[in-house]
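Notes for the one structure printed next.
The values are calculated or read from the model by the stated rules, or taken from the named source; none is laboratory data. The model shown is predicted, which means the values in this text are computed figures rather than measured ones. Cβ coordinates were reconstructed from backbone atoms using ideal geometry, including for glycine residues, and neighbour counts include every protein chain displayed. Surface accessibility is based on the protein's heavy atoms, side chains included, excluding ligands, DNA and RNA. Shrake-Rupley method; radii C 1.70, N 1.55, O 1.52, S 1.80 Å.
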Amino acid sequence: MLETLRNYIQEQIDQLGPFAPILGLGLLGLFLVLLTLPFLLGKRADPLDKLRETSRKAMLDQPEAKQLRTTSKNDKLEKYADFLEPKNQEEYSAVRLKLLQAGYRSKNAVRTYHFAQFALGIGLLLVGILLAVIQNATGEPSTQKLMITALGPGVVGYMLPKYWVTKRQQKRQEEIVNGFPDSLDMMLVCVEAGQSLDQSINRVAREIRAGYPALADEYEIVAHEMKAGKDRVQVLRDMAERAGVPDVSSFVTVLIQSASFGTSIAEALRVYASEMRDKRVMRAEEKANTLPTKMTLATMMLTVPPLLIILIGPSVYEIYVTLKNANF
């Protein structure tokens, strides 16, 4: 039996090269993963879930519920929640907060995020294995190159959703930072005109919608939560946590302290808005001061080589011609 297995492995090595055992183990592992997925994903229906589904269908049969309900494309993933969502509460909260800061507020956001990582990782891993087989059949690449070809796409597919969410988070936070000083100025005008803080926030959210939609969304959430009766301090702290921007956190601290000590909100807004304008000017000056340093390398690469060619080129050519004639 061992001799037969050894002969079979040697035949596969002769046909596919030294990468054959690793490729076989990879295919075996992928087969085992696909074989165990139905057992992991398939679970018995909970009687309470059936009762909730029956109640939900009964409510959706009403005309009012049909008009108010919102459909979601991710409902099919709900039965796989135990597999797709992290079991650790801290890990789940961290992913949830990151998605909130990136602008994904759906209750299925964490589930969809992990499903995208899993689907892209497995799909591109299969593509990588196929490319490795084709590459090994058409040539004789090294084992390291074959492993990179097989595993590289899978790693890229798994990390792609994380990279996308991180870029969205950074872009959204940058938009909030850029629009925050202008929103404070408009809020100060509204407060000094006699409007309350809730009305001012609602008005500012409508006015800055065209230029800064991310910041307008945050202000609208604050206005709706205050209108619903939620504690103002908690609403402001939630806004600072969702935004993930130090300027917003400082603004929330100023408002909480102003409400706690009974000072004028308009005066606090005036001082803080002035500081935010100065800070925005300082950020612009900082970027302007770093620009010459960033342009130095490009200037040297694009200017010095052509200048050397123009100055030294004729002399080098004359020396070359002189040495060539001397040899003859």
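Could you please let me know if Gly179 is over 30 Å from Ala228 (Cα atoms) and assigned to a helix (DSSP H, G or I)? In short, no.
Restricting attention to the range 231-269 and to residues that are among the acidic types (Asp, Glu) and within 26 Å of Leu97 (Cβ to Cβ), the residue that is nearest to the chain's Cα centre (by Cα) turns out to be Glu241. So is Tyr158 surrounded by 19 or more Cβ atoms within 10 Å (Cβ to Cβ), at negative phi and in contact (Cβ under 8 Å) with a residue 24 or more places away in the chain or not? Against the criterion (surrounded by 19 or more Cβ atoms within 10 Å (Cβ to Cβ), at negative phi and in contact (Cβ under 8 Å) with a residue 24 or more places away in the chain), Tyr158 does not qualify. Exactly one residue among Thr138, Thr149 is without any contact (Cβ under 8 Å) to a residue 24 or more places away in the chain and buried (at least 17 other Cβ atoms within 10 Å of the Cβ), and that residue is Thr149. The lone criterion from (1) farther than 16 Å from Thr166 by Cα; (2) modelled with pLDDT of 65 or more; (3) assigned to a helix (DSSP H, G or I); (4) open to solvent by 40 Å² or more (accessible area, probe 1.4 Å) left unmet by Tyr80 is number (2).
Taking the range 204-213 as the range and being surrounded by fewer than 17 Cβ atoms within 10 Å (Cβ to Cβ) and either at positive phi or under 24 Å from the mean Cα position of the chain (by Cα) (or both) as the test, the residues that pass are Arg209, Ala210, Gly211, Pro213.
For the range 170-189, enumerate the residues that are open to solvent by 30 Å² or more (accessible area, probe 1.4 Å) and within 16 Å of Leu100 (Cα to Cα). Listed by number, the residues that qualify are Gln170, Lys171, Gln173, Glu174, Glu175. Annotation: Thr263 fulfils all but one of (1) assigned to a helix (DSSP H, G or I); (2) open to solvent by 70 Å² or more (accessible area, probe 1.4 Å); the unmet one is (1). Among residues of the range 103-135 being touching a residue at least 12 places away in the same chain (Cβ under 8 Å) and not in a helix (DSSP H, G or I), the one that is farthest from Tyr219 (Cα to Cα) is Asn108. Condition first: over 20 Å from Gln199 (Cα atoms), open to solvent by less than 60 Å² (accessible area, probe 1.4 Å) and part of a helix (DSSP H, G or I). Now tell me which residues in the range 224-260 satisfy that. Hits for the range 224-260 are Arg242, Ala243, Asp247, Ser249, Ser250. Figure legend. Inter-residue proximity from the range 220-249: first residues hydroxyl-bearing (Ser, Thr, Tyr), second residues crowded, with 17+ Cβ neighbours inside 10 Å, beta-carbon distance below 7 Å, spacing 6+ or different chains. Indicated pairs: Ser249/Ala240. Over 27 Å from the mean Cα position of the chain (by Cα) and among the hydrophobic types (A, V, I, L, M, F, W, C): is that true of Leu126 in this structure? No.
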